[in-house]
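Chemist: Handing you a structure now.
The values are calculated or read from the model by the stated rules, or taken from the named source; none is laboratory data. What you see is a predicted model, and the numbers here were worked out from it, not measured in a lab. Note: ideal-geometry Cβ built from the backbone for every residue, glycine included; neighbour counts use all protein chains shown. Heads up: the accessible areas ignore ligands, DNA and RNA and are worked out on the full protein's heavy atoms, side chains in. Shrake-Rupley method; radii C 1.70, N 1.55, O 1.52, S 1.80 Å.
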Amino acid sequence: MELFLKIAVAAMLVLLLVRLWPAYKQWQARDIKAGAGDWLAALLPLGAVVLLVILLMLAVRTF
């Protein structure tokens, strides 16, 4: 049964790659470059999440 599950997962991954290949080709054809403001807009939420995780870790550690 374990071998069957490994084969099934491998088949699903291959099907997923086949299904996503046309979208990947479209993304490569458009090739939109990110500007300076785009990077800041991406880093701001990531920094907020990191700060939240640090605050949660400190809150749990004190109890």
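Chemist: What is the percent carbon and sulfur in the accessible area of the chain, measuring with a 1.4 Å probe over the protein chains and ignoring ligands? Present the calculation step by step, with values, prior to reporting the outcome.
Modeler: On the way: 4920 of 6340 Å².
Using a 1.4 Å probe with all protein chains present, the chain comes out at 78 percent carbon and sulfur.
Chemist: Please work out which option in (i) 19, 46, 32, 3; (ii) 17, 19, 15, 14, 12, 9, 7, 4, 2; (iii) 16, 17, 20, 28, 17, 1 gives P(r) over Cα pairs in 10 Å bins from 0, in percent calculated from these coordinates, and answer with its label.
Modeler: Recomputing P(r) over Cα pairs in 10 Å bins from 0, in percent here picks out (iii).
Chemist: Follow-up. What ranking do 29-36, 54-61 get when scored by the average of other Cβ atoms within 10 Å per residue, highest first?
Modeler: On the way: 29-36: 7.0, 54-61: 9.1.
My ranking of the peptides, most packed first, is 54-61, 29-36.
Chemist: Could you do me a favour and compute the accessible area per residue for the chain, 1.4 Å probe, result in Å²? Mind dumping the intermediate values first?
Modeler: Working: 6340 Å² over 63 residues.
I get 101 Å² per residue for this part.
Chemist: Follow-up. With labels modelled as points extended 7 Å from the Cα through the Cβ direction, what inter-label distance (nm, one decimal) is found for ALA59 paired with LEU13?
Modeler: 3.8 nm
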